[in-house]
Structure formats: C-alpha cells, structure tokens
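All remarks here apply to the structure that follows.
Just so you know, all these numbers are worked out from the coordinates, no wet-lab data involved. Here the structure is a predicted model, which means the values were calculated and not measured. Every residue, glycine among them, receives a Cβ derived from its backbone with ideal geometry; neighbour counts consider all protein chains shown.
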Amino acid sequence: MKKTSKELMARASILLTEIKSLAQSPFTIMEVCGTHTVAIAKNALRELLPSTVRLVSGPGCPVCVTASGDIDRYLYLAAQKNVLTATFGDMIRVPGTEKNLQELRAEGADIRVVYSTQDALELARQNPNKEVVFLGIGFETTVPTVAVSLEIAKREGIKNYSVLSMHKVVPPVLKLLAEDNELVVDAFLDPGHVCSIIGIEPIKFMAQDYGKPGVVTGFEALDILEGIVMLLRQRAEGRSDIEIQYHRVAKPEGNPQAKMFIERVFEPVDAYWRGIGLIRQSGLGIREEYRLWDAVQKFSLPVFDSRETPGCRCGDVLRGIIYPTQCPLFGKHCTPMKPVGPCMVSTEGSCAAYHRYAQRSVD
Amino acid sequence: MERIMLAHGSGGRLSHELILNLFQKHLGNPYLNQMNDAALVPGREQIAVTTDSFVVSPLFFRGGDIGKLAICGTVNDLAVSGAIPKFITLALILEEGLLMEDLERIIKSIAETAAEAGIVIISGDTKVVERGSADKVFINTTGIGYITNRLVGPEQIRPGDEILITGTIGDHGIAILSEREGLEFQTPVLSDCAPLNKLIDTFYLPGVKCMRDPTRGGVATTLNELAQQAGVSMLLKEEFLPLSPSVESACEMLGLDPLYLANEGKALVIVRPEVAEEVLMKMQAHPLGQNATRIGQVQEGKSGLVLLETFLGGKRIVGMLEGEHLPRIC
C-alpha cells in the first residue's frame, strides 16, 4: 500500500551500515524525550542497532516527572464541588496516593478530557457557574498554548478559568544529568519539539561545558537513526556540538513568538521532579499579573507531600540508570492497567513503552 | 420542532402513533405487521443468536449513524460466525427531548441498512427516559441467523495460515474521534460502517478457517484473542497494513496506533495458504473488499504472541489494548 516503504528501507539500511562502521566501541545515547522512547520501541530500533550502541531513556515524559504531591494536589482540587477539571487524556489514569482522576470521575467529579487549551476556555465560557481548571502539564512544547489561553482569559475577562501550572523546562534537568556521576551517557538525542520552541542556545552548554554532544532529532524511525549517525560522526571527528537533524521543524533560534508568550505569562520557579528531586528554576509558575487565573492562588491550595512509592524505581529509569525491565516491580506489580509508578502510566513513559512493545522475549 | 416526550413511552396514544407513523412506516414487513407481543418467524433446529447495544456519541457521523451501526454490528457478528443473518429485534431507549426528525433519520437509516443486508426487523420496543437519564438514543439489538455448513472458528487455525483483512483499518475510530473533537482533516475520514454478510457470501469457500470483525480494540486486540484461543503466534508486516492516507496522518498527529482503532465494516479472515490468493481476488471484486490484502501469517511459537515486523525489519510485540486509547499530550 505504502509507496514509500521501499525508499524508507533503503535509506534505513544506508544509515544502519554507517552506524555499524562508526560504532566500533561502546557508545551510550540518552533519548531525552518520551516521544523518542515510544518511537524507538515501536520501530524496534534497539534490535537493529549494533550491541555497541546503547539507548537509554531520559526524563522527557512530562507526566512521568510530575511529583506525587502535585498529583495529589490536583486530585484534591478536582474533587471540590463546583470545579470542572479540564485535562489532556494522559492524566486520567495517573495514580495519586489514594485514587486517580478516572475514579474521581466515576464518583461524580466533573472531569473532561480536552485536546487543547482552547477547548478548556470554551468549557469555561459554556459553564459560567463552574470553576474550570486546566491541568498544565508539559514541557516548553505545550506551554505557549497555555500562555495564550491565559492571555485570552485575561483579555476577555473569563473569570471562571484558571490553570494549575505544573509545567517544567528541559535545560536544568539536562544540566543535572550532565553532572550526575552515576550516569554513563556519552551523548544526547535532544527533544525535537522542545527545541523547536527554545532553539539550541539554552542547551549549548551541554556540548561546550560538559563535553556531551547532542542532536536535536525528529520522531520518525529514520530521524532517530540519522540522529544517531550524527552523534557517532561527532565522536569520530572528536567534536562536541549541538546539531539539528530535525531541520524541517526545529530552527537554531527556536520560535521567538512562542518564547515571548511563555515569558509574558510564566516565570521560572523551583520544581520537584518525581524520582529526581528538587531542581532549581526548572518549573514555570504563573506571573503575578495573571494571579487571578492561577489555580494555586485562586483556591489557596495546600501543599502535598511528594513521597516516592516504596520499591518503585522510576527515578532510576528516568535518569537512565536502569532499564525499565530491571525494576523489580516491572510487569508484575506494575503494569499499564495497574501502574505503580508514573513511567508505566503515560503512553510516553519508558516503562509503558517497554511493556507494550518489548516486554516478553521476542523469539 | 417536534420532540420525544415522556408520553411517547407511556404505552398510550402517542406510543401507538409513534409505532404506526415512524417504526411501521419505515420498517414494516409481514412479521412486524403482525403487531403482536411476539412475532412468529420461520425457524430451524439450530440458529445463531447474538445481542449487542449501541451508545455511540455523536449519533450522526461521517459515513454512518447509530442506526446503521446497530444493524451492521449485529449483522457482522452473525456473518463472521458463519451464519446467514435473517432477523433482528430492535429495542430503543430514547431520552426525553430527542428531536423527532433525528429519530426519523435514524429509523430510515436502519431501514436502508436492513434492506442492504437483506435482513428483516421482526420485533421492537421503545422506552423513553427523563432528560439526563440517557444520552439521546441507546439501541439494543438481537440478531438471529441460520447456521450454514461454514466451519469457521479459532480452533481451525494452524501455523502457516494466512491472515487477510477486507480493507483499510482504523477508519471508524478516526471518523468518530474527529467528529467528537471537532478535528478537521483535509480529506475527511468516513466511518467504514457496513454490513459484511454479502461480501462474505462472495468470498467464502472451504479453506476459510476463521473470521472476526475487529471492532472495539481494533485489529491488534482481535488478533491477540484469536492467537490465544488457537494457541498460536502471529506475525504481521507493517508494510502490508492497509491505511488510508487520512487515517495515517491523523494517527501520526494524534499519536494513535491504527492497530487499536475500531472498525465497523472490516473482517479479519484467516485462510489456508493454498486458497489465500483466490479468497483475496474474490474479496477485491466486491465493492466492500476493494482494498483487501494479506497482512500476515500464523506461526508456531509462543501461544497468544502477536508480533509486527516494522518497515525496517525489527520485530515488536502487538499487545492487547490496555485501558482507554488516549492521544499523547506533547
């Protein structure tokens, strides 16, 4: 059916040949973004790579790194009378200490899955007697649209709309990884969509100060193979740069307009990353000018404890220290239907990706 | 604008008029026109029976509506079991306030689809519930089919058999999702909703071993069930999976896997390798089977394991659908 599959295969075989010839000694690459993790598993890329090239997953699934205290906090809010929670679908099954959004919904809480912040704003317009709260989760990729929704709410005076911002930014966690002694990563496949917003300037320090080259990579199988080739070439040439493979979307300067929206509405705050801990200036809080639309201020939300689940090694998975299959809970106590840790919940979580595509031995 | 009122379900004059002026008008036939508490129909010693309920939202979508879906779903369950669908009962649960013209549209669509499939509606029931107690229209159907000498079922499946599908996958799932969420694609995706019994009549021959319609849970979930029941493994080839360009790009955009999307007018057909070519040609000669293709093979190996060979030659597991099928968030 697909006319291009022959060309794809031919191109892939060229790239794989180059990878094999360049990877004479071990080379560990971290794919930062959850979408990369899924694409790698879905296309069974590990199976095609020589054993010298090791791919480990990073902290780039926004659901996965959301602190359990943040989860309990939005569950507390969603259970309040008169609150209508608008959320992206991935959050529905994320387990809090006691329950998840799906269970709250069955108990009568008003929880709606939306596909954009525009849908959430529309819900606020249609339900003037309800407090519509949008759960803001995601990296730089999704933040601009949230910022725009807050600007519209302010401009139009939509008073029953607010955002609970749990947004995070990528560069600080990359720095933390680069400084982590336990971590043995030679190079990074950098997130294509995040960098299409922020550009490469904010992550250049990885290559320049820490000697960790990176390639901003797209999400097709061929993109990823090409990203790997570009990293291996850097090693062969003794270089350490941040390069772009994903030219069709990511520009070196990023998207200035999207960055402007983020800066107008949000400001950097310290944030707790599940499994990793507190990272300074790694979160985005809503600026004072928009406090009326900040759910934390509006509902005077209490702070919840961020406890890690005993036995759950999501933290080590998120830092690429162990493979998901090396966690003792994996596939036994922790499955996509009954997830213990966050990496199993989100479809982009590395544990879920391993469980779905490669858990059982493929023989 | 005329609407359904609670009184339409009271059993009184309004109920009577609704039956006469809408249901009998469009669906009437000698069995239904008996107007008794039960219809007397010609029977056999052994029959195939299936029941199904339909609660789709929105009621009308590109390529179909809840009425068409109800008839197709029931006809297809009978047809893939090797039976000849003959009769269907129709029970409607209506929400107070439903527009009469919407109901009429649905009933007309039921009549058209029943005629296309060559089945007869022999009995029905209507209940009206208060506003908010149901979502516009729920439909329950029971289908009755005559058993044939078609010997089909997962117990027939053996390693070496070929896996065929009668056309593109995922169309219904994307059609509903785009309608529900107001997503517009350049070429709108139509639901594939269609009765498959005539198509199956044209391609069936001894050597067709098992048929299933991959509805909720999609091709992946159906094949997992079959592989488990038959105690075999299956290998699909990604390059063979038939996808319409719109479904393919919608899946890419939304992060959905077409193997898990619902189909309402497709059959997975497992056949002896020697007859695969002939069955395929017969499928492709029918308008509902134009895009029929071979997608994989039954293999020896771990029972219940379904694998997919990707474009690039790697193999990955195709598991059952877990939980809801949700789009990604970034």
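A few remarks follow.
- Global geometry of chain A, whether rounded, prolate or oblate, following the gyration tensor of its Cα atoms and the 1.5 cut on a/c: prolate
- In straight-distance terms, cross-link reach from A:Lys99 covers every one of the lysines whose alpha-carbon lies under 16 Å from its own, apart from those fewer than eight places away in the same chain; here that gives A:Lys338.
- Using alpha-carbon coordinates, inclination of helix B:171-181 to the longest axis of chain B, degrees: 60
- Relative contact order, percent, chain A [alpha-carbon distance under 8 Å, six or more residues apart]: 22
- In this structure, A:Arg11 and B:Met35 have a Cβ-Cβ separation that, at R0 = 56 Å, corresponds to a calculated FRET efficiency of about 0.25.
- Placing a label point 7 Å from the Cα of A:Glu179 along the Cα-to-Cβ direction, the residues of the range A:204-231 whose backbone N falls under 15 Å of that point are A:205-206, A:209-211.
- Between helix B:218-230 and chain B: long-axis angle, C-alpha atoms, 0 to 90°, nearest 10: 70
- Dividing the mean sequence gap of close Cα pairs (under 8 Å, 6+ apart) by how many residues the range B:154-317 holds gives a relative contact order of 44 percent.
- The label-point distance for B:Gln284 and A:Arg112, in a model that sets each label 7 Å from Cα toward Cβ, rounds to 4.7 nm.
- Close Lys-Lys pairs in the range A:179-307, where close means Cα under 20 Å and separation is 8 or more or interchain: 4
- Among B:Gly173, B:Gly124, B:Ser191 the positive-end extreme of the charge dipole of the range B:96-197 (Cβ point charges): B:Gly124
- Cα gyration tensor category, rounded, prolate or oblate, for the protein assembly as shown with a/c compared to 1.5: oblate
- Segments B:159-165, B:8-14, B:255-261, A:51-57 sorted - mean Cβ within 10 Å per residue, highest first: B:255-261, B:159-165, A:51-57, B:8-14
- In this calculation the C-beta distance from A:Lys81 to B:Glu17 is compared with R0 = 51 Å, giving a FRET efficiency of 0.70.
- Average Cα contact separation per residue, chain B, under 8 Å, 6 or more apart, as relative contact order %: 22
- With contributions of -39500 (n - 2.57) from each DSSP H run of at least four residues, the per-residue ellipticity at 222 nm computed over the protein assembly as shown stands at -9500 deg cm²/dmol.
- Relative to the current alpha-carbon distance between A:Met337 and A:Arg235, full extension at 0.36 nm per residue lengthens the span by 32.6 nm.
- Multiplying the residue separation of B:Glu252 and B:Arg216 by 0.36 nm and subtracting their alpha-carbon distance yields 11.0 nm.
- In straight-distance terms, cross-link reach from B:Lys302 covers every one of the lysines whose alpha-carbon lies under 19 Å from its own, apart from those fewer than eight places away in the same chain; here that gives B:Lys237, B:Lys315.
- Remark: mean inter-chain Cβ contacts per residue of B:251-260 equal 2, using a 10 Å Cβ-Cβ cutoff to other protein chain atoms.
- Among beta bridges identified by DSSP and lying wholly in chain B, the antiparallel ones come to about 75 percent.
- Calculated FRET value between B:Thr142 and A:Thr97, using beta carbons and R₀ = 41 Å, to 0.05: 0.35
- Seen through its C-alpha gyration tensor, with square-root eigenvalues sorted a ≥ b ≥ c, the range A:207-363 comes out oblate because a/c lies at 1.5 or above while a/b is not bigger than b/c.
- Label point distance in nm, A:Glu201-B:Glu2, each placed 7 Å from Cα along Cα→Cβ: 6.8
- The distance from the alpha carbon centre of the range B:208-250 to that of the range B:131-151 is 24 Å, rounded to a whole number.
- Inter-centroid distance (Cα atoms) of the range A:5-54 relative to the range A:231-269, Å: 22
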